[in-house]
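Worksheet for the structure shown next.
The values are calculated or read from the model by the stated rules, or taken from the named source; none is laboratory data. These numbers were taken from a predicted model, which means no experiment stands behind them. Every residue, glycine among them, receives a Cβ derived from its backbone with ideal geometry; neighbour counts consider all protein chains shown. Ligands, DNA and RNA are stripped out before the accessible areas are found, and what is left, the full protein with its side chains, is counted by its heavy atoms. Shrake-Rupley method; radii C 1.70, N 1.55, O 1.52, S 1.80 Å.
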Amino acid sequence: MKKSALIILLIAIGFFSCDRRGSAREHLQNSISEFNKKHTDLDLITYYPESYTEVQTDSIISNTFRVSIKNYSRMDAQILMSSETTDKKTKIKYHRIFESEINIALVSKNILSTTINAEDFKNTLQSEFWNNATLEHVWVNQETSNTNEVNLGISFLNPKNKAYKLYELVVTADGKQDLNLIEEHS
């Protein structure tokens, strides 16, 4: 009688332990499904350039003009290049906005101190180009500058449509400015 009670007890334990809750693989798949349901969207955001960029140049033209130019990327402004969403993942690409601080002095007298950016041109020159444009670079044109005037090259880029505009800013010794469009590509 003891043997039959023991056998019945073992069979009952066997039946109760096989409650069909699932295999380890099924448990893993269920855990992954639950994680994916609770998981929030993933945004992959990239910037060009990735970090702050600055180029500063100081020039002396014909022992007359002192020119200081600082081209830099703004960390708080960018152009949306593309946005792609698949499942729960979003890829966003930005191009940072650039601007330039320009200081021109004649001997010890400051004749120009300004900041140039694409936003200033957008407000005065109505064109689709300026909607997604950024300053690319400002530099001193050493070949055309002389003791009477400083010639600056100013290039703007629209990274979305790969268009550009090239300007020349002429600053005379008395501070007068003349801006000319030299070249453009749409």
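If you go through region 85-97 and pick out every residue that is over 26 Å from I154 (Cα atoms) and either among the aliphatic types (A, V, I, L, M) or assigned to a strand (DSSP E or B) (or both), you end up with 6. The condition of being farther than 19 Å from I182 by Cβ, of a type outside the set (F, W, Y) and either modelled with pLDDT of 90 or more or in a strand (DSSP E or B) (or both) holds for only one of S82, S100, that being S82.
Filtering region 81-121 to residues that are surrounded by fewer than 17 Cβ atoms within 10 Å (Cβ to Cβ) and in contact (Cβ under 8 Å) with a residue 60 or more places away in the chain leaves only M81.
Considering region 151-179, the residues that are of a type outside the set (A, V, I, L, M, F, W, C) and touching a His at 6+ places or on another chain (Cβ under 7 Å) include one that is surrounded by the fewest Cβ atoms within 10 Å (Cβ to Cβ), namely S155. When you scan region 66-76, do you find a residue that is touching a residue at least 12 places away in the same chain (Cβ under 8 Å), within 19 Å of E136 (Cβ to Cβ) and outside any strand (DSSP E or B), even just one? No; the residues of region 66-76 include none that is touching a residue at least 12 places away in the same chain (Cβ under 8 Å), within 19 Å of E136 (Cβ to Cβ) and outside any strand (DSSP E or B).
Can you pull out the residues in region 45-65 that are open to solvent by 50 Å² or more (accessible area, probe 1.4 Å) and closer than 14 Å to V140 by Cβ? Passing the criteria: V55, Q56, T57, D58, I60, S62.
Of L179, L106, L80, L135, all but one fail to be farther than 20 Å from S62 by Cα and more than 26 Å from the chain's Cα centre (by Cα); the exception is L179. Close contacts from region 122-140, counting a first residue that is at pLDDT below 80 and a second that is surrounded by 14 or more Cβ atoms within 10 Å (Cβ to Cβ), with Cβ to Cβ under 6 Å and a gap of 6+ residues or different chains, come to K122/W130.
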